[in-house]
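A.B. asks: Pasting in a structure now, in structure tokens, and then I'll have a few things to ask.
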Amino acid sequence: MSFTVTPFYGPNRNKVPKWITRMNKVTGKLGVPYELRPRFDHRYHMVSLEQASNFEHLIHRVIDTEVRGDLVELGGYTGSTAALIADLLQRQHGDRTFHVYDRFDIELGSQRNIQDIFVHTFAECGLPLPVLHIGDLWVTLPADLPSEIAFVHIDCGTGMEPKEHAKLITHCLESVYPRLSQGAVAIFMDYHVPGKTLDGNDSNTGVRLACDTFFADKPEQIQLMYGGPCSHAYIRKL
């Protein structure tokens with residue numbers, strides 16, 4: 001029996017198998033104090049409840065302390081984390097622009113492309129679309145970035161060979177870092193340290209390879225965060 005939470009943003013968040021629904025009705029009538037839920041799979045659900053909690057805390061802190069700049073996500077995919085960020089920004093009444101960068105050129109069956117799913121995710125959540133920067137990150141960065149950034153989520157998991165993936169992450173870091181305002185937060189999805197990242201998955205080893213190298217001569221220290229079945233870390237710009 002699994003007690004992990006279902007994803008609550010993105011195209012899969014409401015897809016609970018009918019047999020699970022029927023089983024919960026039966027156990028509910030019997031007074032069983034447990035509920036069956038689909039097992040969380042970090043490869044498809046993208047954001048865990050623990051990660052969502054971390055996002056909320058860090059974004060609130062950025063807005064409450066009036067860190068200058070806009071919010072940025074590098075790698076939007078189906079919009080799971082983008083919708084979470086947009087919702088937090090809307091609830092905080094933050095007068096900020098939210099930018100999302102992605103190629104949006106992947107097809108996910110039935111000829112549905114990623115951009116269509118991303119837009120649908122935001123429509124389902126009743127959220128305004130962020131500013132979309134469509135294109136290869138090697139081209140759109142740093143030229144299309146806002147001049148000041150208060151928060152950035154780097155989520156460029158590609159599944160490619162680690163050293164090649166690290167080159168992409170390094171390009172993202174080199175583009176974003178000079179534009180981070182003092183006190184700005186940068187979150188690195190899939191940053192994983194074996195033996196230290198509790199319960200997380202080492203999905204894209206190039207992330208840690210790039211981040212550790214980039215910040216080796218910087219004053220900021222990478223901080224691990226508990227992400228449940230996922231892995232991530234962050235820095236706060238000094």
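A.B. asks: From the list 6, 27, 21, 65, which residue is among the polar types (S, T, N, Q), open to solvent by 50 Å² or more (accessible area, probe 1.4 Å) and at pLDDT below 90? Let's see the steps before the verdict.
C.D. replies: Working: 6 fails: open to solvent by 50 Å² or more (accessible area, probe 1.4 Å); 27 fails: open to solvent by 50 Å² or more (accessible area, probe 1.4 Å); 65 fails: at pLDDT below 90.
Just one listed residue meets the conditions, 21.
A.B. asks: Can you name every residue in region 47-65 that is assigned to a helix (DSSP H, G or I) and either touching a Ser or Thr at 6+ places or on another chain (Cβ under 9 Å) or among the hydrophobic types (A, V, I, L, M, F, W, C) (or both)?
C.D. replies: Filtering region 47-65 down to residues assigned to a helix (DSSP H, G or I) leaves 49-64.
Across region 47-65, the qualifying residues are 49, 51, 52, 55, 58, 59, 62, 63.
A.B. asks: Within region 201-217, take every residue that is assigned to a loop (DSSP other than H, G, I, E, B) and touching a residue at least 40 places away in the same chain (Cβ under 8 Å) and give me the one that is least open to solvent (accessible area, probe 1.4 Å). Spell out how you get there, then give the answer.
C.D. replies: Quick first cut of region 201-217, residues assigned to a loop (DSSP other than H, G, I, E, B) only: 201-205.
When the remaining residues are screened for being touching a residue at least 40 places away in the same chain (Cβ under 8 Å), the result is 201, 203-205.
Values: 201: 50, 203: 49, 204: 19, 205: 63 Å².
By that ranking, first place goes to 204.
A.B. asks: Need a quick list: strands (runs of 3 or more DSSP E) entirely within region 75-176 having at least 1 residues that are over 22 Å from residue 211 (Cα atoms) and open to solvent by less than 20 Å² (accessible area, probe 1.4 Å).
C.D. replies: 98-102
A.B. asks: Can you tell me which condition residue 192 does not meet? The list is (1) at pLDDT 95 or above; (2) surrounded by 19 or more Cβ atoms within 10 Å (Cβ to Cβ); (3) in a loop (DSSP other than H, G, I, E, B), and all the others hold.
C.D. replies: Just one mismatch for residue 192, condition (1).
A.B. asks: Inspect all residues belonging to region 135-143 and state whether any of them is within 25 Å of residue 56 (Cα to Cα), modelled with pLDDT of 95 or more, in contact with a strand residue (DSSP E or B) (Cβ under 8 Å, 6 or more places away or on another chain) and not acidic (Asp, Glu).
C.D. replies: Within region 135-143, the subset within 25 Å of residue 56 (Cα to Cα) is none.
No, the conditions are met nowhere in region 135-143.
A.B. asks: Looking at residue 186, is it open to solvent by less than 70 Å² (accessible area, probe 1.4 Å), aliphatic (A, V, I, L, M) and not in a helix (DSSP H, G or I)? Spell out how you get there, then give the answer.
C.D. replies: Values: open to solvent by less than 70 Å² (accessible area, probe 1.4 Å): yes; aliphatic (A, V, I, L, M): yes; not in a helix (DSSP H, G or I): yes.
Criteria met by residue 186.
A.B. asks: Out of 179, 208, which single residue is within 21 Å of residue 147 (Cα to Cα) and basic (Lys, Arg)? I'd like the intermediate steps shown before the answer.
C.D. replies: Details: 208 fails: within 21 Å of residue 147 (Cα to Cα).
After applying the criteria, what remains is 179.
A.B. asks: Now a separate question. Just to verify a result, which residue in region 219-234, among those that are hydrophobic (A, V, I, L, M, F, W, C) and under 18 Å from residue 151 (Cβ atoms), is most open to solvent (accessible area, probe 1.4 Å)? Please lay out each step first, then the result.
C.D. replies: Restricting attention to region 219-234, the residues satisfying the condition of being hydrophobic (A, V, I, L, M, F, W, C) are 222, 224-225, 230, 233.
Then keep just the ones that are under 18 Å from residue 151 (Cβ atoms); that gives 222, 225, 233.
Numbers: 222: 42, 225: 24, 233: 0 Å².
Within region 219-234, the match that is most open to solvent (accessible area, probe 1.4 Å) is 222.
The values are calculated or read from the model by the stated rules, or taken from the named source; none is laboratory data. Keep in mind that what you see is a predicted model, and the values were worked out from it rather than measured. Virtual Cβ from ideal backbone geometry, glycine too; neighbours counted across all protein chains shown. Accessible surface areas use protein heavy atoms only, side chains included; no ligands, DNA or RNA. Shrake-Rupley method; radii C 1.70, N 1.55, O 1.52, S 1.80 Å.
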